1. Only residues that are open to solvent by 50 Å² or more (accessible area, probe 1.4 Å), in a helix (DSSP H, G or I) and charged (D, E, K, R): list them for region 175-228, please.
2. All but one of (1) among the β-branched types (Val, Ile, Thr); (2) closer than 24 Å to Ile27 by Cβ; (3) open to solvent by 30 Å² or more (accessible area, probe 1.4 Å); (4) not in a helix (DSSP H, G or I) hold for Ile52, so report the exception by its number.
3. Return the residues of region 89-115 that are in contact (Cβ under 8 Å) with a residue 60 or more places away in the chain, open to solvent by 50 Å² or more (accessible area, probe 1.4 Å) and over 13 Å from Gly223 (Cα atoms); say none if nothing qualifies.
4. Quick one: in region 176-234, which of the residues that are of a type in the set (D, E, K, R) and closer than 15 Å to Asp104 by Cβ is modelled with the lowest pLDDT?
5. Please work out which one of (1) under 22 Å from the mean Cα position of the chain (by Cα); (2) farther than 27 Å from Glu73 by Cβ; (3) part of a helix (DSSP H, G or I); (4) not β-branched (Val, Ile, Thr) is the condition Ser231 fails and give its number.
6. Restricting to region 85-117, and then to whatever is under 14 Å from Val225 (Cα atoms) and not in a helix (DSSP H, G or I), can you tell me which residue is farthest from the chain's Cα centre (by Cα)?
Amino acid sequence: MQLFFNPNINESTEEILFSKEESRHIIKVLRKKQGDILYITNGKGYLFSAEIIIESDKKCLSKIVNTKYRKKEWSYTLHVAIAPTKNIDRLEWFIEKATEIGIDEITPIVCENSERKVIKHDRLQKIMISAVKQSLKFNAPKLNQLVKFNDFIKTQKEGDLLIAHCNEGEKKILKSFIFSEKKITILIGPEGDFSLKETQKAIQAKFIPITLGDSRLRTETAGLVAVHSVSFLH
């Protein structure tokens, strides 16, 4: 299945007009013709089947002929707040792979030890959407704007709140963690880890310290291990 993404359509939409770029891809690259069926998701659980009624590489128009709601594949809500890596390719890799596995929300956070404090949100969004289409996901994650660590922990009040860090102190092992809620938030720090002050602030804000294992992991690897571990445990 070749999946397209359009967040602006819903159950009442009757026709879909593709952009010039998408129209060219559909007609010139995929060689679709009038009468062919296209599959589109809005990232909110819906799969739309649409028949091409105007075959144009500039303005391809399709008519929706069937709509199905696909229940989310996982039973929990996972939010990962992760510090952008110095090499942005590594953060892009995390977003792509986490989307393929299954995640609901991603928030880039700036920490005391962060080496990168600027991101291109639009580019990261495109990578996420590409992963949604490639992995045939009908529920797209929400990618938030970059925020400061202190601001983020103040806003998180519900569900299981976890912080993965390498500082000294008592920590629970994620792979044996017993979740009390279906809503989970996990903090993943930068290359230099969270500072001791940040760890203490997170604990004061009801975040539970966790470890992902004995190995010292890269930021993006730690993020992906967290996503996969939650998926496996559920």
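1. Scanning region 175-228 gives Lys175, Lys197, Lys201.
2. Unmet for Ile52, out of (1) among the β-branched types (Val, Ile, Thr); (2) closer than 24 Å to Ile27 by Cβ; (3) open to solvent by 30 Å² or more (accessible area, probe 1.4 Å); (4) not in a helix (DSSP H, G or I): (3).
3. The answer is Glu112, Asn113, Glu115.
4. So in region 176-234, the residues of a type in the set (D, E, K, R) come out as 181-183, 191, 193, 197-198, 201, 206, 214, 216, 218, 220.
Retained after the next criterion (residues that are closer than 15 Å to Asp104 by Cβ): 181-183.
Details: Glu181: 81, Lys182: 90, Lys183: 95.
Only one residue fits best here, namely Glu181.
5. (2)
6. That would be Gly102.
The values are calculated or read from the model by the stated rules, or taken from the named source; none is laboratory data. Computed from a prediction, not measured in an experiment: that's the story for all the values here. Neighbour counts are summed over all protein chains in view; Cβ atoms, including those assigned to glycine, are modelled from backbone coordinates with ideal geometry. All accessible areas refer to the heavy atoms of the entire protein, side chains included, with ligands and DNA or RNA removed. Shrake-Rupley method; radii C 1.70, N 1.55, O 1.52, S 1.80 Å.
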